[in-house]
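Report on one structure; see the data block that follows.
The values are calculated or read from the model by the stated rules, or taken from the named source; none is laboratory data. None of these values were measured; they are calculated from a predicted model. Note that we place each Cβ from the backbone using ideal geometry, even for glycine, and neighbour counts take in every protein chain shown. When the accessible area is computed, the model is the full protein with side chains, heavy atoms only, and any ligands, DNA or RNA have been set aside. Shrake-Rupley method; radii C 1.70, N 1.55, O 1.52, S 1.80 Å.
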Amino acid sequence: MRTKLTTNFLLASFAGSGMISVSCATKSKPAEKPNIIFIMSDDHAYQAISAYGDRLKDVAPTPNIDRIANAGMRFDRCLVTNSISGPSRATILTGKYSHLNGFVSNERPNFNGDQQTFPKLLQQAGYQTAMIGKWHLGSNPQGFNYWDILPGQGHYYNPDFINASGKYQEQGYVTDIITEKSLAWLKDASKSGKPFMLMMHHKAPHREWEPNLKYLNRFKGVDFPLPETLFDDYSGRGTAAKTQDMTIAQTMRIEADLKMWEDTTSAPWKNTYGRMNAQQRAAWNAVYDSIKKDFIAKNPQGKDLVKWKYNRYMNDYLACIQSVDESVGRVLDFLKKNGLDKNTIVVYTADQGFYLGEHGWFDKRFMHDESYRTPLLFSWPGVTKPGSVNNDLVSNLDFAETFLDAAGVVIPADMQGASLRPVLKGETPADWRKEHYYHYYEYPGVHSVKRHYGISTSQYKLIHYYYDIDEWELYDIKADPKEMKNVYNAPEYAVIRKTLHHKLDSIRLLMKDNDEITKTFLPKPKK
Ligand code: SGN
Ligand code: CA
């Protein structure tokens, strides 16, 4: 029986043996080891994938990414354990929460690569493995036959890479280069006679949202539909929403983020324009000179300025995604052309969700849906029903176990998620997870989102902000899908609140998180 996901089970097992047991015995083994292509972009919001049918679907469609949804399953509630790059990547590799894999925040980028990861286990089981693109975990990758990664966040234009021989620079646009490296590796790996697993990790569409030069004008003249909550005043929420530093109005920089450069010594200028050759600069200027001129002439103020910033932001962000979509199309075409499409799992996801102006924000980190939910499109020939949609609570915590299950590798008992295989078949087990646990640590830090942990069900979210404040928030996401009103103290939610507190205590126990371990991740007092 698959029992490790529910807190009811936890309570039952505690009452019985006092142990949390994990059963792998009945996990069926597939006849063959399918190939696996795991495509992950950085900060790609589900709102910007047309398969999700959100407000941008008609202005900025993603036809190639949608091919994965058409061939497989679209997950509408894939939740991350910790909505930030490094920690999400560490969870994906290990199948464990941040407090157990040790990588809680981007600010301590030193993943312990000696620990158990799913690529290592696949490699031991005879898979050819590769990691190409954004890695963002500090230490060098382990468990890969081939790796070629961006240092840190990486650059968009003429980017540096690091492989086993050291650091070197490539010419061109980062998304295209990652795609070409991936296709070259796939070509070799598919001839090796062994199954393969590729992690193709795009930098795009991460801030500062720098598109391929050929797409700078892709959305010229488009007025992007505004999110309903662009001018949210956070009046229904607590201190954390009111004190963050991630608004389009205040935080987003006209110069550095929206490229109206004046300061040619700034890091964003150096990392963008500063890396281009003469030809690339000419192409850039041909577009940006007139955008700048227009901005100066219009001189928007107040809400008009926020709308202008939002529109420029969407322009660049969605243009970056055009290249990602193209990349996915090239990979899918390669599989089809080489007869690999029938035996290859293709996954498209992002390291977390992202705000595209909802609540006036960009960036991520909060346990609210836009940042907590990540896109997940999963095609597994012979397993997923084409064009299916799923609403179960799944997580990036589940990816490692799913891939091991697909490869017929025994799933280690200390992994904390579950294989998605039955869910992908459309046969969600009755004891599938009904609650999901979240914990975010990066505060004090960039964007000033306070530390919080919480539990989410299909209807509610209970969130605890701690460290420099002690505030609880409760959202009824069925009644209030945009999460505008904290109802923690509303009398009509008293029973729900109590139940959720109980479930949160149980899931923290189940996931082995507690105040003692949290303390070990607090900033050290200054001497
Ligand atoms: C950089 C960005 C932030 C972003 C973090 C983490 N600033 O610091 O806006 O939140 O990365 O992003 S930037 O001006 O340097 O772009 S993450 O996706 O890697 O977690
Ligand atoms: Ca990210």
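Restricting to region 23-71, give me the number of residues that are modelled with pLDDT of 95 or more, over 15 Å from the mean Cα position of the chain (by Cα) and hydroxyl-bearing (Ser, Thr, Tyr).
Total meeting the criteria: 3.
Gly353 versus (1) away from ligand 2 (no atom under 16 Å from the Cβ); (2) of a type in the set (Gly, Ala, Ser); (3) under 30 Å from Gln244 (Cβ atoms): which is the lone unmet condition?
The failed condition is (1).
Please work out which one of (1) within 16 Å of ligand 2 (Cβ to nearest atom); (2) under 28 Å from Thr247 (Cβ atoms) is the condition Gly360 fails and give its number.
(1)
Would you be able to tell me the number of residues in region 30-65 that are closer than 30 Å to Ile411 by Cα and either away from ligand 2 (no atom under 16 Å from the Cβ) or part of a helix (DSSP H, G or I) (or both)?
10
Among strands (runs of 3 or more DSSP E) lying entirely in region 127-192, which contain 2 or more residues that are under 23 Å from Ala350 (Cβ atoms)?
Correct list: 128-134, 146-150, 160-163.
So, Glu210, is that one without any contact (Cβ under 8 Å) to a residue 40 or more places away in the chain and under 23 Å from Asp351 (Cα atoms) or not?
Working: without any contact (Cβ under 8 Å) to a residue 40 or more places away in the chain: no; under 23 Å from Asp351 (Cα atoms): yes.
For Glu210, the condition - without any contact (Cβ under 8 Å) to a residue 40 or more places away in the chain and under 23 Å from Asp351 (Cα atoms) - is not met.
Kindly indicate whether Glu473 is closer than 22 Å to Gly360 by Cβ and either open to solvent by 50 Å² or more (accessible area, probe 1.4 Å) or of a type in the set (D, E, K, R) (or both).
yes
Quick one: in region 66-86, of everything that is assigned to a loop (DSSP other than H, G, I, E, B) and more than 16 Å from ligand 2 (Cβ to nearest atom), which residue is nearest to Thr384 (Cα to Cα)? Lay out the reasoning, then the answer.
Of the residues in region 66-86, the ones assigned to a loop (DSSP other than H, G, I, E, B) are 72, 76-77, 80-84.
Adding the requirement that they be more than 16 Å from ligand 2 (Cβ to nearest atom) leaves 72, 76-77.
Values: Gly72: 5, Asp76: 15, Arg77: 17 Å.
Across region 66-86, the extreme among qualifying residues is Gly72.
Filter region 236-256 for residues that are surrounded by fewer than 17 Cβ atoms within 10 Å (Cβ to Cβ) and in contact (Cβ under 8 Å) with a residue 60 or more places away in the chain; which is nearest to Asp476 (Cα to Cα)?
Within region 236-256, the match that is nearest to Asp476 (Cα to Cα) is Gly236.
Is it the case that some residue within region 64-80 is free of Cβ contacts under 8 Å to residues at least 60 places away in the same chain and either out of contact with any Ser or Thr (no Cβ under 9 Å at 6 or more places or on another chain) or open to solvent by less than 10 Å² (accessible area, probe 1.4 Å) (or both)?
Taking every residue of region 64-80 in turn, none turns out to be free of Cβ contacts under 8 Å to residues at least 60 places away in the same chain and either out of contact with any Ser or Thr (no Cβ under 9 Å at 6 or more places or on another chain) or open to solvent by less than 10 Å² (accessible area, probe 1.4 Å) (or both).
Determine whether region 354-376 contains at least one residue that is over 30 Å from Val306 (Cα atoms) and open to solvent by 30 Å² or more (accessible area, probe 1.4 Å).
The answer is no, given that none of the residues of region 354-376 is over 30 Å from Val306 (Cα atoms) and open to solvent by 30 Å² or more (accessible area, probe 1.4 Å).
Check region 343-350 and report whether any residue there is more than 25 Å from Pro61 (Cα to Cα), within 16 Å of ligand 1 (Cβ to nearest atom), surrounded by 24 or more Cβ atoms within 10 Å (Cβ to Cβ) and within 14 Å of the chain's Cα centre (by Cα).
No, the conditions are met nowhere in region 343-350.
Mind listing whichever residues of region 259-270 are under 21 Å from Tyr317 (Cβ atoms), out of contact with any Phe, Trp or Tyr (no Cβ under 7 Å at 6 or more places or on another chain) and either part of a loop (DSSP other than H, G, I, E, B) or at pLDDT 95 or above (or both)?
Residue satisfying the conditions is Ser266 alone.
Which pairs have Cβ atoms under 6 Å, sit 6 or more apart or on different chains, and link a residue in region 257-282 that is without any contact (Cβ under 8 Å) to a residue 60 or more places away in the chain and under 19 Å from Lys309 (Cα atoms) to one that is of a type in the set (Gly, Ala, Ser) and buried (at least 17 other Cβ atoms within 10 Å of the Cβ)?
Nothing qualifies.
What are the residues in region 326-341 that are touching a residue at least 40 places away in the same chain (Cβ under 8 Å), open to solvent by 10 Å² or more (accessible area, probe 1.4 Å) and part of a helix (DSSP H, G or I), if any? If you could, list the steps in order and put the result at the bottom.
Step one: filter region 326-341 for residues touching a residue at least 40 places away in the same chain (Cβ under 8 Å), giving 326-332, 334-335, 338, 340-341.
Narrowing further to those that are open to solvent by 10 Å² or more (accessible area, probe 1.4 Å): 326, 330, 332, 334, 338, 340-341.
Listed by number, the residues that qualify are Glu326, Arg330, Leu332, Phe334, Asp341.
Can you tell me which of Ser456, Ser379, Ser448, Ser395 is within 29 Å of Thr251 (Cα to Cα) and either touching a Gly at 6+ places or on another chain (Cβ under 8 Å) or open to solvent by 10 Å² or more (accessible area, probe 1.4 Å) (or both)?
Step by step, each of Ser456, Ser379, Ser448, Ser395 is checked, and only Ser448 is within 29 Å of Thr251 (Cα to Cα) and either touching a Gly at 6+ places or on another chain (Cβ under 8 Å) or open to solvent by 10 Å² or more (accessible area, probe 1.4 Å) (or both).
Identify, from the list Arg89, Arg108, the residue that is under 24 Å from Glu370 (Cα atoms), within 16 Å of ligand 1 (Cβ to nearest atom) and not in a strand (DSSP E or B).
Arg89
Do we have Lys134 as within 15 Å of ligand 2 (Cβ to nearest atom), in contact (Cβ under 8 Å) with a residue 12 or more places away in the chain, in contact with a strand residue (DSSP E or B) (Cβ under 6 Å, 6 or more places away or on another chain) and under 29 Å from Leu216 (Cα atoms) here?
yes
List the number of the failed condition for Asn158; all other conditions in (1) more than 16 Å from ligand 1 (Cβ to nearest atom); (2) more than 30 Å from Asp392 (Cα to Cα); (3) open to solvent by 30 Å² or more (accessible area, probe 1.4 Å) hold.
For Asn158, the exception is condition (3).
For Lys298, indicate whether it is open to solvent by less than 40 Å² (accessible area, probe 1.4 Å) and among the basic types (Lys, Arg). Spell out the reasoning first.
Numbers: open to solvent by less than 40 Å² (accessible area, probe 1.4 Å): no; among the basic types (Lys, Arg): yes.
Taking the combined requirement at face value, the residue does not satisfy it.
May I ask you to list the residues in region 118-147 that are among the aromatic types (Phe, Trp, Tyr) and either under 19 Å from the mean Cα position of the chain (by Cα) or within 18 Å of Thr179 (Cα to Cα) (or both)?
Across region 118-147, the qualifying residues are Phe118, Trp135, Phe144, Tyr146, Trp147.
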